[in-house]
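**Student:** My questions will all concern the structure given below.
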Amino acid sequence: MRTLKIKHFGEKVQGIRLDGDRRNPEPESVRVAFPGGDVDVVRTDDGSYWIHVRVDHPSEVVDDEIAGKLIDARLDIKGKHAADTNPGDFAHPDLYHVAVRVQAVR
């Protein structure tokens, strides 16, 4: 498994780029942890990706972890206001962005 390098995606953005190159594969799962939870990007066998957002539930917090809670979410669809979307819109062909807001609970 190759080591991923941090890249700059603008003045205030750092991250990594997953290439999806089967000849030089990235790790099967890449995790970003933050106070209250984490985000995993997981490559599937067919080359697609699952993106998982997880919060640390207060009853499961151990050591120095901080609990979190999901407080908002948004679907962005071309030509449709985010307030007019619903979970059934995940199948909408013009869906281009999903946002989930997590808050640390101290």
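The values are calculated or read from the model by the stated rules, or taken from the named source; none is laboratory data. Source: prediction; values computed, not measured. Heads up, the Cβs are rebuilt from the backbone with ideal geometry, glycines too, and the neighbour counts pull from every protein chain shown.
**Student:** Out of R17, R74, R23, I need the residue that is more than 19 Å from the chain's Cα centre (by Cα) and among the basic types (K, R). Which one?
**Tutor:** Values: R17 fails: more than 19 Å from the chain's Cα centre (by Cα); R74 fails: more than 19 Å from the chain's Cα centre (by Cα).
The unique qualifying residue is R23.
**Student:** Could you say whether any residue in the stretch 80-97 is of a type in the set (A, V, I, L, M, F, W, C), in contact with a helix residue (DSSP H, G or I) (Cβ under 9 Å, 6 or more places away or on another chain), under 30 Å from D21 (Cβ atoms) and touching a residue at least 24 places away in the same chain (Cβ under 8 Å)?
**Tutor:** Here is the first cut: in the stretch 80-97, the residues of a type in the set (A, V, I, L, M, F, W, C) are 82-83, 90-91, 95.
Now narrow it down to the ones that are in contact with a helix residue (DSSP H, G or I) (Cβ under 9 Å, 6 or more places away or on another chain): 95.
From what is left, the residues that are under 30 Å from D21 (Cβ atoms) are 95.
Remaining after also requiring touching a residue at least 24 places away in the same chain (Cβ under 8 Å): none.
Within the stretch 80-97, not a single residue is of a type in the set (A, V, I, L, M, F, W, C), in contact with a helix residue (DSSP H, G or I) (Cβ under 9 Å, 6 or more places away or on another chain), under 30 Å from D21 (Cβ atoms) and touching a residue at least 24 places away in the same chain (Cβ under 8 Å).
**Student:** OK, next. Please verify whether A82 is surrounded by 10 or more Cβ atoms within 10 Å (Cβ to Cβ) and at negative phi, treating the condition exactly as stated. Spell out how you get there, then give the answer.
**Tutor:** Numbers: surrounded by 10 or more Cβ atoms within 10 Å (Cβ to Cβ): yes; at negative phi: yes.
It is true that A82 is surrounded by 10 or more Cβ atoms within 10 Å (Cβ to Cβ) and at negative phi.
**Student:** Of all the residues that make up the stretch 83-106, how many are over 23 Å from R54 (Cβ atoms) and hydrophobic (A, V, I, L, M, F, W, C)?
**Tutor:** Residues that pass the stated criteria total 2.
**Student:** Look at the stretch 20-41 and say how many of its residues are farther than 17 Å from V100 by Cα and modelled with pLDDT of 90 or more. Talk me through it step by step, then tell me what you get.
**Tutor:** Going through the stretch 20-41, the residues farther than 17 Å from V100 by Cα turn out to be 20-30.
Adding the requirement that they be modelled with pLDDT of 90 or more leaves 27-30.
Number satisfying all stated conditions: 4.
**Student:** Would you list the strands (runs of 3 or more DSSP E) that sit entirely within the stretch 1-79 and hold 1 or more residues that are without any contact (Cβ under 8 Å) to a residue 12 or more places away in the chain, touching a Gly at 6+ places or on another chain (Cβ under 9 Å) and loosely packed, with under 15 Cβ neighbours inside 10 Å?
**Tutor:** Details: elements: 29-34, 37-43, 49-55, 67-77.
Qualifying strands (runs of 3 or more DSSP E): 29-34.
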